[in-house]
Amino acid sequence: MAKKEPSFEEAMLRLDAIVKGLEQGDVTLSDSMALFEEGTGLIRRCTALLDQAEQQVVRLKKGPDGAPEELPFDVPED
């Protein structure tokens, strides 16, 4: 069974816990490296989720020259 990807909020909570653990300084080097690796994966996950959210908020509309232009979601259509 595939591992469930964390939500944005779950990933941010785990990142916070990782940072706090690393800042305490009582983690072994090998554990620190494992936590760092987990953290970079979580950052990639958060970035991907933010990119998806941005794509949902921005819509494409034809500009005056016919080329698509990005408009914020809250701009009414003509």
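Probe of 1.4 angstrom, ligands and nucleic acids ignored: what's the accessible area per residue over region 1-53, in square angstrom?
Value for region 1-53: 79 Å² per residue.
Just to check I understand the Karplus step: with θ = phi - 60° and J = 6.51 cos²θ - 1.76 cosθ + 1.60, what whole-Hz values come out for region 39-55, glycine and proline as x?
Rounded to whole hertz, the list is x, 5, x, 5, 5, 4, 4, 4, 4, 5, 5, 5, 4, 4, 5, 4, 5.
Given the Cα-Cα distance of D16 and R44 and 0.36 nm per residue of separation, how much length would full extension add, in nm?
Length difference between fully extended and current span is 8.6 nm.
The values are calculated or read from the model by the stated rules, or taken from the named source; none is laboratory data. Source: prediction; values computed, not measured. These area figures cover heavy atoms from the full protein model, side chains too; ligands, DNA and RNA do not enter into them. Shrake-Rupley method; radii C 1.70, N 1.55, O 1.52, S 1.80 Å.
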